[in-house]
Amino acid sequence: MDSDRQKIAVYPGTFDPLTNGHLSIIRRGLDVFDTIILAVAKDTPKQPMFSLEERVDMARSVLADKERVTVEAFSGLLVEYVQKRGARVVLRGLRAISDFEYEFQMSLMNRRLKRDVHTMFMMTDYKWLFTSSTIIKETVGAGGDVQGLVPEIVFEQLKRKMQS
Ligand code: COA
C-alpha cells in the first residue's frame, strides 16, 4: 500500500444529526489521518429527520474550522465511493459492546466487496458512549434538553425542527 493513500479516511454515516460522539471520532481520527472525508449517506433504511442537504450543511458548518475534514454526500456502495476518493480506510466509531455485531457485519461485507478497503475502529470518548442520534431526537421531541450532547449549530437546528 502506498503511504499517501493510507492517510485518507472516509468516515461514513447517516449523521441525522451529527453529535458530539461523532466529533470525538473525528478528533481522534485527525491524530492518525491527514484527511477525513465525512461521508453522509443518501440511501439509508432509517427515516431521517433531516434531509440529506440539511445533514450535509449542518456537518459542514460544525466542521468549518477543521481544514483537514471535508463533508460530502454519497450514494450507492460505500467501498466504491471510498475507492473513488482515493482512500482505503473506512473509519468507524465503537461505543458500547452493542455496536460490535453490526459493525463486524458491515466491515466483513465491505471486505468481501473490496479486499483492499480496510475498516478501522476508534473508541468513542466515554462521555458519549451512550448517546445516539435517535436518543437525542427522542429526547428533544419529548421536550428534554440535549445541550452539550450535540454541537451548538445542531442544537439550534433541532429546536427549529421541533417548532416547525
Ligand atoms: N457517538 C455517538 N453516536 C454514534 C457514534 C459515536 N461515535 N457512532 C455512531 N453513533 C450512532 C449514530 O448516531 C447512529 O445512531 P442512530 O442509529 O440512532 O441514528 C448509530 O450510532 C449508527 O449510525 P451511523 O454511524 O450514522 O451509521 P449508520 O449505521 O447510520 O450508517 C452506513 C451506515 C451509511 C455507513 C452504511 O449503511 C453504508 O455504508 N451504506 C452504504 C451502502 C453500502 O455500501 N452497504 C453495504 C455495506 S454494509
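Hydrophobic (A, V, I, L, M, F, W, C), farther than 27 Å from M162 by Cβ and in contact with an Asp or Glu (Cβ under 8 Å, 6 or more places away or on another chain) - does that describe any residue in the range 68-88? Checked against the condition, which is being hydrophobic (A, V, I, L, M, F, W, C), farther than 27 Å from M162 by Cβ and in contact with an Asp or Glu (Cβ under 8 Å, 6 or more places away or on another chain), the range 68-88 yields no hits at all.
Out of the residues in the range 13-45 that are touching a strand residue (DSSP E or B) at 6+ places or on another chain (Cβ under 6 Å) and open to solvent by 40 Å² or more (accessible area, probe 1.4 Å), state the one that is farthest from the ligand (Cβ to nearest atom). Ranking the qualifying residues of the range 13-45, first place goes to T35. Being within 14 Å of the ligand (Cβ to nearest atom), of a type in the set (D, E, K, R), under 20 Å from L38 (Cβ atoms) and not in a helix (DSSP H, G or I): is that true of E72 here? Yes: the conditions hold for E72. Quick check: is even one residue across the range 48-66 open to solvent by 20 Å² or more (accessible area, probe 1.4 Å) and within 9 Å of the ligand (Cβ to nearest atom)? Yes, the range 48-66 contains at least one residue that is open to solvent by 20 Å² or more (accessible area, probe 1.4 Å) and within 9 Å of the ligand (Cβ to nearest atom). Counting only residues that are farther than 20 Å from N110 by Cα and at pLDDT 95 or above, the range 34-47 holds 2 of them.
Screening the range 108-145 for residues that are within 15 Å of the chain's Cα centre (by Cα) and of a type in the set (S, T, N, Q) and picking the one that is nearest to P17 (Cα to Cα) gives S133. Residues that are open to solvent by less than 90 Å² (accessible area, probe 1.4 Å), within 12 Å of M120 (Cα to Cα) and assigned to a helix (DSSP H, G or I) within the range 94-105 comprise just one, E103. Scanning the range 117-127 for residues that are within 30 Å of E80 (Cβ to Cβ) and either modelled with pLDDT under 95 or within 8 Å of the ligand (Cβ to nearest atom) (or both) gives M123, T124.
Of all the listed residues (L91, L77, L113), the sole one being surrounded by 12 or more Cβ atoms within 10 Å (Cβ to Cβ) and either of a type in the set (K, R) or in contact with a strand residue (DSSP E or B) (Cβ under 8 Å, 6 or more places away or on another chain) (or both) is L91.
Considering only the range 138-164, state which residues are closer than 21 Å to V40 by Cα, touching a residue at least 12 places away in the same chain (Cβ under 8 Å) and open to solvent by less than 40 Å² (accessible area, probe 1.4 Å). Within the range 138-164, V150, P151, V154, L158 meet the criteria.
Whether any residue in the range 82-92 is within 20 Å of L18 (Cα to Cα), touching a Phe, Trp or Tyr at 6+ places or on another chain (Cβ under 6 Å), outside any helix (DSSP H, G or I) and not polar (S, T, N, Q) is what I want to check. Yes: the range 82-92 contains one or more residues that are within 20 Å of L18 (Cα to Cα), touching a Phe, Trp or Tyr at 6+ places or on another chain (Cβ under 6 Å), outside any helix (DSSP H, G or I) and not polar (S, T, N, Q).
The values are calculated or read from the model by the stated rules, or taken from the named source; none is laboratory data. Here the structure is a predicted model, which means the values were calculated and not measured. No Cβ is skipped: glycine too gets one built from the backbone with ideal geometry, and neighbour counts run over all protein chains shown. Ligands, DNA and RNA are stripped out before the accessible areas are found, and what is left, the full protein with its side chains, is counted by its heavy atoms. Shrake-Rupley method; radii C 1.70, N 1.55, O 1.52, S 1.80 Å.
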